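Since the structure comes first, as C-alpha cells, the remarks are kept for the end.
Throughout, read-outs are computed from the coordinates displayed, never taken from laboratory work. Quick caveat: nothing in here was measured; it's all calculated off a predicted structure. Quick reminder, even Gly has a Cβ in these numbers, built from the backbone with ideal geometry, and neighbours come from all protein chains shown.
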C-alpha cells in the first residue's frame, strides 16, 4: 500500500471518501458566514488511512507545521492518535484547506467538520485568505 498523502507533481492528493461539498458549504454558511469561505475539501478516511496520514503529515512539505502547536494550545497536551476524530491542515501550494475525519469516529460528521472549520475560521481574514504563518 502507498502513502495516504501522495505528491502528484507538486499537488497533494489525499485518499479517502470525499464528503459532499454541499454538506461542507452548508455548515460554513450556517456557522461561519461572517467570513468568505475559503477552498475546503473534506474526506472520511479509514482508521488505517487516518493514522498513516497523520504520521505522514508531520513530515510533509505541503502541510503547515503548526498542528502540534495548535493541539497544545487547544487541549494543553498532545492527543493520542487513536483518540483523534479529525484533523485540518492548510496546503499552501494549492491555497486550500483539507479536513480529514476518521470514518469510525463516534462523533458525527457534522460535529467533526464544524469543529475543524472553527480552526479554519480563526486562521483566515474576512475574504477567506489564510493569515497564519507558514
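Scan region 83-109 residue by residue and report those that are within 13 Å of residue 27 (Cβ to Cβ) and exposed (fewer than 15 other Cβ atoms within 10 Å of the Cβ). Listed by number, the list holds a single entry, 108. Residues that are within 13 Å of residue 17 (Cβ to Cβ) and in contact (Cβ under 8 Å) with a residue 60 or more places away in the chain within region 28-56 comprise 42, 44, listed in sequence order.
Residues in region 110-134 that are surrounded by 17 or more Cβ atoms within 10 Å (Cβ to Cβ) and over 19 Å from residue 21 (Cα atoms): 123, 124, 130.
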